[in-house]
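Inspection log for the structure reproduced underneath, given as structure tokens.
Computed from the coordinates by the stated procedures, all read-outs in this text should not be read as laboratory data. Because the structure is a prediction, the values reported are computed rather than measured. Quick reminder, even Gly has a Cβ in these numbers, built from the backbone with ideal geometry, and neighbours come from all protein chains shown.
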Amino acid sequence: MFVIGHKNPDTDSVVSATVLSKFLQKTGRQAEARVPGKINKETEYIFSFLNLDVPAEITEIPEGEKVFLVDHNDLSQSLASIDNVVGILDHHLLSGIITDSPMYFRVESIGSTSSLVY
């Protein structure tokens, strides 16, 4: 599955996607963090300073591929090709997402999605 933040990747969306994908891997699931847009200079600096690789950019999700959304739950803020959302972890207000089947869904009004991942 791909773990992605919103189309304007800020530090919270990139860090939470990166760390959540590593957690999912450690629990036996195949997960890869991706960024659906160009990262900002702050995020670039943090990843460089920590000597970490920035997740690869993705422009579309292959048909049928599972997606875990972080730092957003409004599909208008995500890639257009998403059709198989299996989880959402967010700290923003709800957008009215509708799914075909149950999924993991956690939304809390705290400072960041990274805090939820922690």
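Results, tabulated for the structure shown:
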| quantity | calculated |
| --- | --- |
| Residue among V19, V15 that is in contact with a Ser or Thr (Cβ under 6 Å, 6 or more places away or on another chain) and in contact (Cβ under 8 Å) with a residue 60 or more places away in the chain | V15 |
| Of all residues making up segment 4-18, the number that are of a type in the set (G, A, S), touching a helix residue (DSSP H, G or I) at 6+ places or on another chain (Cβ under 8 Å) and in a helix (DSSP H, G or I) | 2 |
